[in-house]
Each structure stands twice: as C-alpha cells, then as structure tokens.
Amino acid sequence: MAGNTTTGVKVLGIGMHVPQLVATNEDFTKIVETSDEWITQRTGIKQRHITDGEPTYQLGAEAAKKALADAGIDASQIGLIIATTVTADYYTPSLACLIQREIGAQGCMAMDVNCACSGFVYGFDMAKRYLQTQDDLKYVLLVASEELSKFVDYTDRTTCVLFGDGAAAFVLEKQENTLYSSFLGADGDGAQYLAARGLRSVNAFRKNSEEFDMAMPQTKEHYLFQNGKEVYKFAVKALPEAVEKACAKIGIQPKELDAIVPHQANIRIIETAAKNLDVEMDKFPMYIAEYGNTSSASIPIAFCEAVKDGRIKHGDKICLVGFGGGLTYGAAIFEY
Ligand code: UT7
C-alpha cells in the first residue's frame, strides 16, 4: 500500500435516500427567467429531488436504515450518531437525536455538525478520531441530510436552480494498519459570500433597534444568499489545496488515488480542479445532473451512486473533498 499505514476507518455500510418529487430544469423555466441550456452549461445540473413536506430527519433516517442494513448491524449497536446538516428541522433537538429516535438507537451519543457543504468530510474525520480514542465505541453512524429547498428563494434564479434535497449515511468502525489522512480548513473572512440567517433578536426587553453585523448580506428573511463568483473562485483553489495537503501528509500524489469524490456544486469547478491536480476527470464521480447541489449530502450521495455503478470498489484509495459555506473546506483519504 502506498503511503504510511495508520489507524483509520472502515466503511462498513452505506445508504442513501432522496425524496420522490423531481424538479427538472424545464420546471424552473415556468417559475423564473432561465433555460435548460443556461443551467446545464453553467452547472451541469439537469434535475434535483425536492421534498413534498417530509422533514429532513426522515430523509436522514431512511438513509441511515439502509446503511445499517448494508453494514449488517442493528441500530442498538451504534455508539455515536453524527449528523451533518445546514437545514435541520429544529434548532433543538438536533437532527442526530431525531434520527436516533426514528431508527431506534436510544442511548448512544448524538450530535450535529454544521460545516455547510464540507460537513460530511468534517464529520468523517470526527468519527475517525472518536473511534480511535474511545475504546468502548465500536460503530459510528455518520448521516448527512439536507433540504436546501427550505431556504431557497424560488424567485431568485441565481440560487434556486442550483439546490436539491437528499440524504446519505455511512456506518464506520475503527481499522488498524490502513490508509488515512485528512486536511480540514476554514476561512471566516469569506463568511459573507454564502449565508442563510437565523432568528433575529426580538426579545421583550430589547431597546436597541440597530441591525447587527452589517458586514453580512442583509437577506430577505431566512433565505439563502450566495455570491456565486466569489464562492467559485474560492472553490477552484480550495478543492485542489485540500486534496494536495491530505495527500502530502501520507506521501502520495493525487494521481495515485482511485477516486476523488467531490462536493457536487458545479461541474465546471470540478473540471478546473481536475486540471489543476493533473487527475483525469473520470476519477471524479459526478452525479450533479440527477441531484443538483445537496450541500453536505452531496459527497455521500455521489459515493453511494459510484459504488452502485462499479466506479468505486472495495480496496480503492478514496478521497472525499468538500468546500462551501463558512467558508469551509476539507479532504479525507481512506481505503474503502
Ligand atoms: O455548495 C456551496 C458552494 N457553492 C458553489 O461552489 C457555487 C459556486 N458558484 C457557481 O457555481 C457559479 O458562480 C454559479 C453557477 C452560481 C453562477 O454561474 P456564473 O457562470 O458565475 O454566472 P454569473 O453569476 O456570472 O451570471 C452570468 C449571467 C448573469 O447575467 P448578466 O449579468 O451577465 O446579464 C446572471 O444574471 O447569468 C445570469 N443568470 C442566469 N441566467 C439564466 C444567473 N442565474 C441564471 C439562471 N438562468 N438561473
């Protein structure tokens, strides 16, 4: 095996779930001024799945049940649930607790991670570190579940055509003498480029009517704002940097990876990054045409699809790489 072996993770089971409802590019031409040609050429997206009212936790629970079945373990054996999302149904309880309730994994640790589109990579690395340091922890359930349709403004053509809903989950356990590396980063100076605000302070005692943090976009209600150009510039730099830094830590070249599963935001970002990394495009499994951008769920959804299509096989050297709101970015390398 190339590179140093270390304590890492084994992916025991995987599963994904998307809502049935589909919105095609053609459907969007009926609600905003756009075209199939513009969306396809600029992003690679042809359609996206959108919920018909089912909550984020339900998508996550369905994906989790499939991952547990694939792993051949019972929910009661899970010691930690990490849920990644920017679109939780409640501020509290966490998405992880609701998924725990739905799958019947009562009693284990459960928490959410919000790192936007990099969430799954952060969660993956966190799972590895818990497994490595907590002796009585056998299995971690890592679930990404997102309903971007909740905070997409369907009158804003620059963002509404990009996003979709979906979920995917991995069951992980500790693995000795394997390949593992990660590189995670963030750049809060770019916070204003991708934002969806929380509740405003309207407490009964408030006297000051000033808005806080005018450096952030003053958006319409909770709706998602994106400065596409700035995020694009960040993404084409951050993606190769994260892959290269994670590879460098274990002394391998990006070319030696069997597959690089990227966050699915825009096919053009991936084509540029592939060139910069000098890795052929067919090593980047892309399913953006079917699902659009599902934030933290996009990497594990693409992973599940790539396994189903035979593009990722057991024994392959895999890199997961994400970038997005925060701004955040990160890559994790492991052997599948
Ligand atoms: O998941 C988190 C990470 N997010 C990303 O990585 C997203 C990064 N950014 C992008 O992928 C791209 O910037 C977008 C896909 C969001 C936009 O593509 P672009 O090539 O940067 O387009 P643009 O924003 O420069 O807009 C070009 C033109 C504008 O018209 P004018 O000003 O040139 O007349 C837009 O108004 O395209 C127009 N436009 C549209 N036209 C038809 C913007 N959205 C649409 C649309 N349909 N949906």
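Sorting the segments 314-321, 262-269 by their mean number of nearby beta carbons within 10 angstrom, highest to lowest, gives 262-269, 314-321. Oblate is the label for the range 81-131. Its Cα gyration tensor axes, ordered a ≥ b ≥ c, give a/c of at least 1.5 and b/c at or above a/b. Could you tell me the calculated FRET efficiency between K308 and D136, based on Cβ-Cβ distance and R0 = 51 angstrom, to the nearest 0.05? Once rounded, the FRET efficiency stands at 0.90. Database remark: amide H of V22 closer than 5 angstrom to the amide H of I50 (H placed geometrically; neighbours at sequence offset of 5 or more, or on other chains; Pro and chain starts carry no H).
For the chain, the relative contact order comes to 26 percent (Cα pairs under 8 Å, sequence separation of at least 6).
Computed from the Kirkwood radius of its Cα pairs, the Stokes-Einstein diffusion coefficient for the range 129-255 at 25 °C and 0.890 mPa s stands at 130 µm²/s.
Working note: Karplus 6.51/-1.76/1.60 with θ = phi - 60° gives the range 285-295 the couplings x, 10, 10, 5, 4, 8, 10, x, 9, 10, 6 Hz, where Gly and Pro are set to x.
The trypsin sites (Lys or Arg not before Pro) of the range 158-261 meeting both criteria, a DSSP state outside H, G, I, E and B (loop) and at most 14 other C-beta atoms within 10 angstrom of the site's C-beta, are R200, R206, K207, K220. Short-range pairs are left out: with C-alpha atoms under 8 Å and at least six residues apart, the relative contact order of the range 248-307 is 41 percent.
Between W38 and Y90, the modelled label-to-label distance comes to 4.0 nm, taking each label 7 Å out from Cα in the direction of the beta carbon. Hey, what D do you get for the chain in µm²/s if you plug the Kirkwood alpha-carbon radius into Stokes-Einstein at 37 °C and 0.692 mPa s? Value of D from the Cα-based Kirkwood radius: 164 µm²/s.
Charges were assigned to the Cβ only: +1 to each Lys and Arg, -1 to each Asp and Glu. The resulting dipole of the range 231-292 about its Cα centre is roughly 300 debye. Residues whose amide H falls under 5 Å from that of F225, counting only those 5 or more places apart or on a different chain, are A195, A196, with hydrogens built in the peptide plane.
In terms of distances greater than 21 angstrom between alpha carbons, the cross-link table entries K245/K275; K128/K275; K174/K237; K10/K249 yield K128/K275; K174/K237.
Each residue of the range 24-36 is assigned a 3J(HN,Hα), and the resulting list reads 8, 4, 4, 4, 5, 5, 8, 10, 9, 7, 8, 8, 4 Hz, derived from the Karplus form 6.51 cos²θ - 1.76 cosθ + 1.60 (θ = phi - 60°), x at Gly and Pro.
Applying 0.36 nm per residue to the separation of S209 and K30 and subtracting their alpha-carbon distance, the gain on full extension is 60.5 nm.
Label sites at L199 and E230, each approximated as a point 7 angstrom past Cα along Cα to Cβ, lie 2.8 nm apart. If N is the number of residues in the range 180-315, what value comes out of its Cα radius of gyration divided by 2.2 N^0.38 Å? Here the Cα radius of gyration is 1.33 times the empirical estimate.
Contact order, relative form, for the range 5-178: 36 percent (alpha carbon pairs under 8 Å, 6 or more residues apart, mean separation divided by residue count). Scalar couplings 3J(HN,Hα) for the range 150-155, obtained by applying the Karplus form with A = 6.51, B = -1.76, C = 1.60 to θ = phi - 60°, are 5, 10, 8, 8, 6, 9 Hz; x denotes Gly and Pro.
Values quoted throughout were computed directly from the atomic coordinates according to the rules given, and no laboratory measurement underlies them. All of these numbers come straight from a predicted model, not from anything done at the bench. Using ideal geometry, Cβ is built from the backbone for each residue, glycine included, and neighbour counts are taken over all protein chains shown.
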